[in-house]
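The values are calculated or read from the model by the stated rules, or taken from the named source; none is laboratory data. Predicted model only: the values in this text are computed from it and were never measured. As a convention, Cβ positions derive from the backbone with ideal geometry for all residues, glycine included, and neighbour counts pool all protein chains shown. Calculation scope for accessible area: heavy atoms of the full protein, side chains included, ligands and nucleic acids excluded. Shrake-Rupley method; radii C 1.70, N 1.55, O 1.52, S 1.80 Å.
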Amino acid sequence: MEIRQLRHFMAVVNEGGFTAAARAELIVQSALSASIRNLERELGADLFDRTGRRVVLTEAGRALVPQARALLAGAEAARQAVAAVTGLERGRVAIGTIQTLTSVDLPAELAAFHGAFPGVQVSVRDATVDELTDALRAGELDLAYLAPDARELPEGLTVHATWHEELVLITAPGHRLAGAGRVRISDLAEEPFVDFRAGTGLETAVRRLAAHCGLRRRITCDVTQAGLLVELVRAGIGVAFVPRPIGERAGLPCVTVRQPEPGRTVVLAGRGARPRNPAAAALLDHLMAASAGHLTDAPEARPPRLRGAAPAAAGRRGGRRPVAG
């Protein structure tokens, strides 16, 4: 049984299928399938039920998951020890993110990090907040951008930076509210909504806002992809709450909501005060340094715990305001 086989096995578990797992592992699907079959042959049991349309873990597969995680974590720790000695000429870092992240230009920051550390492989996963939190705790992710919605993070996780994002109402260009500029929550009582599927940080924040204001939304469509949500709104199926930059990039009317102002909290989290993985520590340093460089606020206005390492894009257009982490 090889570490590579266990990594392929966990890729299928995490990605939900062989095709997506092969893409994540940067190999052809036939090679990944062969790797899994060899692992099953060595263990003497099928790990996945392949009879249906979806790939489902068997009992043997479920029993292997925690052991595979532990073995992969041990192997990663060994790689990290070597990476620390070789000065990050090699290494691997895994970062998770909510799909609707706007507080940070993550692709641009990862590109800059790659320029500084070209030998470090970066793995990016987008998922729901609960899935990202579980992966962070399990050691599958080194860092993650989460929208915890005022919930306490589990013990052992540390918040490195915090942002407050303004949410706006986006509508189709010809909608009755498109030129309103601002509305009250009570004005939306009869509106159909497009929403994210339950479990995402944005859906949770919007659901709490609606409950707080007594707004009973009529959900006409729920989705899992931000791009599809925007296009459904553009087509006139309903309105939606999104971070302002998403609506502005889509070119849709962005209506400010008053009484109360909707928003959500986004955090950059990790395990412990400092990642043990040298590559992850280097990425954290890069993200925090880049964030500090984007600040336009006076130093005395910065949150004390984030001074010198405050969130990216603070003070920029879009209503993203840093708060203490």
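Full extension of the chain segment joining Val82 with Ala189 gains 32.6 nm, where the gain is 0.36 nm per residue of separation less the Cα-Cα distance. The Arg37 and Ala273 beta-carbon pair, evaluated with R₀ = 51 Å, returns a calculated FRET efficiency of approximately 0.75. Normalised by the number of residues in the chain, the average gap of Cα pairs under 8 Å and 6 or more apart makes the relative contact order 20 percent. With an 8 Å cut-off on Cα pairs and a minimum separation of 6 or more residues, tell me the relative contact order of the range 1-87 in percent. Computed value for the range 1-87: 27 percent relative contact order. A crude spin-label estimate for the pair Ala180 and Ser123, with each label 7 Å from Cα along the Cβ direction, gives 4.5 nm. Ordering 248-255, 5-12 by mean Cβ neighbour count within 10 Å, with the highest value first, yields 5-12, 248-255.
Give the separation of the Cα centroids, the range 211-257 to the range 107-168, in Å. Using only Cα atoms to place each centre, the spacing works out to 24 Å. Relative to the longest principal axis of the chain, what angle (0 to 90°, nearest 10) does the C-alpha long axis of helix 106-116 take? Result, in degrees: 40.
Averaged per residue, the chain has 49 square angstrom of accessible surface, using a 1.4 angstrom probe with ligands and nucleic acids left out.
Remark on the chain: Rg and Dmax equal 21.7, 65 Å (Cα only).
Given a Förster radius of 25 Å and the C-beta distance between Arg137 and Asp49 as r, what FRET efficiency does 1/(1 + (r/R0)^6) yield to the nearest 0.05? About 0.40, to the nearest 0.05.
Ignoring ligands, DNA and RNA, what percent of the accessible area of the chain is carbon or sulfur (1.4 Å)? Carbon and sulfur atoms account for 51 percent of the accessible area of the chain.
If you count, for each residue, the other Cβ atoms within 10 Å and average over each peptide, how do 177-186, 230-239 line up from highest to lowest?
230-239, 177-186
In order along the range 138-148, the phi-based Karplus estimate (6.51 cos²θ - 1.76 cosθ + 1.60, θ = phi - 60°) of 3J(HN,Hα) comes to 7, x, 6, 10, 8, 9, 7, 8, 10, 10, x Hz; Gly and Pro are listed as x. For the range 132-228, the Kirkwood radius over C-alpha pairs fed into Stokes-Einstein at 10 °C and 1.306 mPa s yields D = 100 µm² per second. For Arg208 and Gln225, the difference between the fully extended length at 0.36 nm per residue and the C-alpha to C-alpha distance is 4.1 nm.
Put simply, the amide H of Phe48, placed in the peptide plane, has neighbours under 5 Å in Thr58, leaving out anything fewer than 5 places away on its chain.
In terms of packing, defined here as the mean over residues of other Cβ atoms within 10 angstrom, the peptides 163-176, 66-79 line up highest first as 163-176, 66-79. Once the C-beta distance of Glu155 and Val65 is scaled by a Förster radius of 25 Å, the resulting FRET efficiency is 0.70 to the nearest 0.05.
Net charge near Ala282, counting Lys/Arg +1 and Asp/Glu -1 over other residues with Cβ under 15 Å of its Cβ? Walk me through the numbers before you get to the answer.
On the way: positive: Arg79, Arg90, Arg92, Arg274, Arg276; negative: Glu89, Glu109, Asp142, Asp285.
So the surrounding residues net to +1.
Close amide H pairs (under 5 Å, H built 1.01 Å from N) link Thr97 with Arg125, Asp126, Ala127, Tyr145, residues at least 5 positions away or on another chain.
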